[in-house]
Structures are given as structure tokens and as C-alpha cells.
There are 2 protein chains.
Amino acid sequence: MHEYVRDGAEIYRRSFATIRAEADLGRFDAGEARVAVRMIHACGMVDLAADIGFSPGAVAAGRAALLAGAPILCDAQMVASGVTRTRLPAGNDVVCTLRDPAVPGLAARLGNTRSAAALELWRDRLGGAVVAIGNAPTALFHLLDMVAAGAPRPALVIGVPVGFIGAAESKDALAASGLEHVVVRGRRGGSAITAAAVNALASEEE
Amino acid sequence: MHEYVRDGAEIYRRSFATIRAEADLGRFDAGEARVAVRMIHACGMVDLAADIGFSPGAVAAGRAALLAGAPILCDAQMVASGVTRTRLPAGNDVVCTLRDPAVPGLAARLGNTRSAAALELWRDRLGGAVVAIGNAPTALFHLLDMVAAGAPRPALVIGVPVGFIGAAESKDALAASGLEHVVVRGRRGGSAITAAAVNALASEEE
């Protein structure tokens, strides 16, 4: 039998303590630090802190939207799977439209990826929503273009797509957009880090 | 309108070309390199290559098991969500037992996490399976203890849990276990990297 910590609550407590001891969280206020700690927890890298960025009102906007029952709009099923339903304060809907049968046709018409085209099905719910993009840079770029063209504005955009083609650029564009946002600058990101940010905003329980 | 690459196939092609240009894949044979490229793609970090480890027969064992219809046993729903069903060669089952109603009781009885206890429900399907652990170190430790105590041996264990408490140790234990394995040594890992390894083994199409 291997020797290891078997108590889930104790594992969380020690993990968060390790992160707070090792990560440079000095740039963040208390609410931002709570979100950053969970994002770091999801990827195992304390140096992620240097790449995390918040707009000044991001945490308050996200928290208020979730308390008011805003839906969480996800670009990928993995992001939706990572949102802990029991932490949500208002039974919030967690929505991913990527597998909707309309999406392949929309993608062909738009000349864009299915990940981007799926956002067209968000329009009715976009106003005041919490958007969580953890996979596709094309989805984040398309969201910014939709909003610039007059689509309803979400309360918060967690924009943490990952990868080598467009990811860093899409996050820089979000940071410059005037929307309330959480980003991880550069190539790093992904569904786990994105879902962790949602989970941090959803409940003040560590 | 932002300027960005909107063609999904072209994004994949350029991403993989960037990874092959930047990552040090010299330690790997061709099959291992294909898996490593997809794991790097999932996290945006070319230096992950230095921490990826394969047992000598891992890629062949995983590929043969999937072709033969082996189930893919996942510790977390996010891992299961990340497996691209259309790449699977034999309509393989993708199984996650974490939300089974029996799990909380099993966890209490075992004095372990729910992630570890959920593996008790794998026993009937464990022989020859592809195991994909992308979240919980406790699940990987418990798997190793189950096999050491006589449980059926999986064909391959993709052991890539993430985090600060037990993750590195659990992956070192897997690497020393004699089981065919893929690991990412250290704290890094997660469901996206784990699912990417499954997706690479599932199809030879890049």
C-alpha cells in the first residue's frame, strides 16, 4: 500500500496553502487572489500568477452575475464539465452549444470554426452572462467581433483559450476590449483553468 | 473585425508544425512523438516534452487495446468529455464512475477520496483497459494498490494527475510499477493533456 493523503478536504487545504506560500500574488486584491489560487491549482504551476490578468471590476461583476442567476456560456464541453454544479449560487445554467446540430451549417456559412459558430446560438442569453472560453481562440475572437457589432454585452468574459495559433493574440484583444475580463496571457490556458475561475467566482468557500 | 485564422484544419496544421519546430522531441520514437505533440498542443507548453515519459511498450499497447475495443476508464468527467468519440477505432466505451451513487459510501468505507473510491467500480472492466487518470493523485495511487493486490492489469495507464499534493509522487510510483504507462512527471498534468494522449493513440490521423 502506498502512503498518501486520502482526505479530500485536507488535500485541498494543503494545496491552497502551498500555492499561497509559493505564488507571487502581490498584484492581486483578496478576491482576485482567491480566483488566481484556484486557477493555479488547476494546472500545477505557481508561475501562472504572472500571466493572469483581471479588469478592475471583473471579480465583482462575475460574482454579482452568478448571484443574480446568470448563465455560464462555455465554448467547450470540457469547460462545462469542470464547473462544479454544487458551488453555483443560483442553480445557474451551464451552456455549451458546440454540439448543436445547427453548428456545422453555421460554421460553413460564417467561414469559421465550429467553436466560433457555436457562439451564434448564445445571442439570446449573452446579455449579462458569464462567458467561459477555455479552448478555442477563434471563439474568443468571434465573441469580440459579435459584441463590437452590437451583440448584448456579457457581465464577464473569462478568456483563457490555449495554444499556438491565435491564443495569445485573442487574449490580448479581450484585454483591450473594454469588457470585464479574466485572462491568462500567452499560450497557456485551457478548460481546467477556465472552469477553476468559474468555480472560484461561484462560491466564497475555499 | 479581428484578423485571425478561421480554418480549423489549418489551425491544427500550423499548431503541430510550431510544436515540432520548437519542442525537443529527440528522446521519442515516431509514435511517442505523435502522442507528445498532442499533449503539448493541449497545454500550450513545448517544454512539457522534458517531463513526458513512456514505458517502452506504451504506445503499441495502448493502440492495440483501443483497436481491440478496450474501454477507456477515466477518473474525471472532464477527461471523458475531452475524448473525441469520432477518433475512436472501435466505438470504445468511455467510462467515468465518479458520479455513481455508490461512490460516496465506498469512499467512506475505504477512508479515501471519491475519486479513488470510484475505481472500485472499474474492477470488472479493468483487465486490458486503457486507464486515463488526469485529475486525482489519489485515484492513481489507489489503482496501483488495487493492481498490486491482484486486480486485473490494464493494457496501459495514462497517469497525468495534476497538483501540489501527491501528484508528482503518484506518477513516480506509476513509472516504477511495471505497468505500461504514459506520465508527465512533476506537478503539471490535467484532464486536457490526458484526453489528448488518448486522442493521439486513438487514431493515426494528425
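The values are calculated or read from the model by the stated rules, or taken from the named source; none is laboratory data. The structure displayed is predicted, hence computed values, not measured ones. Note that we place each Cβ from the backbone using ideal geometry, even for glycine, and neighbour counts take in every protein chain shown. SASA here: full protein model, heavy atoms, side chains in, ligands and nucleic acids out. Shrake-Rupley method; radii C 1.70, N 1.55, O 1.52, S 1.80 Å.
Summary table
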{"item": "Scan of the stretch A:7-30 for residues that are under 24 Å from B:Arg109 (Cα atoms) and out of contact with any Pro (no Cβ under 9 Å at 6 or more places or on another chain), ordered by number", "result": "A:Asp7, A:Gly8, A:Ala9, A:Glu10, A:Tyr12, A:Arg13, A:Arg14"}
{"item": "Residues of the stretch A:11-39 satisfying the condition of being without any contact (Cβ under 8 Å) to a residue 24 or more places away in the chain and either small (Gly, Ala, Ser) or in contact with a Ser or Thr (Cβ under 9 Å, 6 or more places away or on another chain) (or both)", "result": "A:Ile11, A:Ala17, A:Ala21, A:Gly26, A:Ala30, A:Ala33, A:Ala36"}
{"item": "Scope the stretch B:178-192; condition facing chain A (nearest Cβ under 9 Å) and either touching a His at 6+ places or on another chain (Cβ under 9 Å) or free of Cβ contacts under 8 Å to residues at least 60 places away in the same chain (or both); matching residues", "result": "B:Arg187, B:Gly189"}
{"item": "Scope the stretch A:73-112; condition hydroxyl-bearing (Ser, Thr, Tyr) and under 23 Å from B:Gly190 (Cβ atoms); matching residues", "result": "A:Ser81, A:Thr84, A:Thr86"}
{"item": "Residue match in the stretch B:154-162 (condition: more than 24 Å from B:Thr86 (Cα to Cα) and within 13 Å of another protein chain (Cβ to nearest Cβ))", "result": "yes"}
{"item": "Complete set of residues in the stretch B:1-18 that are under 22 Å from B:Val46 (Cβ atoms) and outside any helix (DSSP H, G or I)", "result": "B:Tyr4, B:Val5"}
{"item": "Odd one out for A:Gln77, checked against (1) open to solvent by less than 40 Å² (accessible area, probe 1.4 Å); (2) within 16 Å of the chain's Cα centre (by Cα)", "result": "(1)"}
{"item": "Within the stretch A:59-73, tally of residues that are open to solvent by less than 30 Å² (accessible area, probe 1.4 Å) and either assigned to a helix (DSSP H, G or I) or touching a residue at least 60 places away in the same chain (Cβ under 8 Å) (or both)", "result": "7"}
{"item": "Residues that are polar (S, T, N, Q) and open to solvent by 10 Å² or more (accessible area, probe 1.4 Å), drawn from the stretch A:170-190", "result": "A:Ser177"}
